[in-house]
1. If r is the Cβ-Cβ distance from residue 137 to residue 167 and R0 is 22 Å, what FRET efficiency results, to the nearest 0.05?
2. In what order, largest first, do 185, 47 sit by accessible area if the probe radius is 1.4 Å?
3. How far apart, in nm, are the 7 Å Cα→Cβ label points at residue 93 and residue 52?
4. Between residue 60 and residue 153, with labels modelled 7 Å along Cα→Cβ, what's the label distance in nm to one decimal, could you check?
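The values are calculated or read from the model by the stated rules, or taken from the named source; none is laboratory data. Since we're looking at a predicted model, the values are computed, not measured. Counting neighbours? That spans all protein chains shown, and the Cβs are built from the backbone with ideal geometry, glycine included. Only protein heavy atoms, including side chains, enter the accessible area calculation; ligands, DNA and RNA are left aside. Shrake-Rupley method; radii C 1.70, N 1.55, O 1.52, S 1.80 Å.
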Amino acid sequence: KKVMNKRIGVVALAVLMLLSVTACGGAKYSKGTLSDNGFESEWVGVRFNAPEGYVVATQEELDNFISMGQDYVKAVYEENGKKVIDYTELTTVYELMTYLPTPENLGTGDPNLILAAEKTTLSTDKYIEVLQSQIKTLFPDVPITWDEPDNVKVGGLECDKYTATMDYGVAKMNQSYYITKKGNRVIYFIVSYTPGHEEDVDTLMNAFEPY
């Protein structure tokens, strides 16, 4: 389970890197600001105060995690992987990652979250279609089911929520995608967790407030 949880987080980044290949265009925006226990972005329009026990990854930690996602893309797509990575670096900004720092987190499936903004001309509906296709490509042998989409608020932002459940046989893993669009950028929150931690996910998402 420890390896699987870590891999799921890395694959979440890998999927988003692949999505960048289908995205183009963009609008000016300002990157948010990280602090020891929070994050804020006037452009995104949210503030985040980490719930008790959670930590906010430093920029160095976030960069290291992104590098792991890049390695996964290279392994799966070989030569084309470098093109994906090069393009992603021009289109996508990873704003925030938060998680429980305890070693037990890797085995219990407590939620971890990634927030990013990506240049794209795709609508949110088309964006999720491509997302679902890329996930299927990365997990060809894993049964994946999607919940009915929902419309929810995250820090005052109107988001479309999509949740995928991946069944590995010995365990299941959920990934919830909260997606909205501002100008020519898609803003997305990705939460990875195991079934049974839905209340913990709510706690994490409720930690976002309007800017």
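1. Working: r = 17 Å, r/R0 = 0.78.
After rounding to 0.05, the efficiency reads 0.80.
2. On the way: 185 15, 47 90 Å².
Largest accessible area first, the list is 47, 185.
3. 3.4
4. Result for the modelled spin labels: 3.9 nm.
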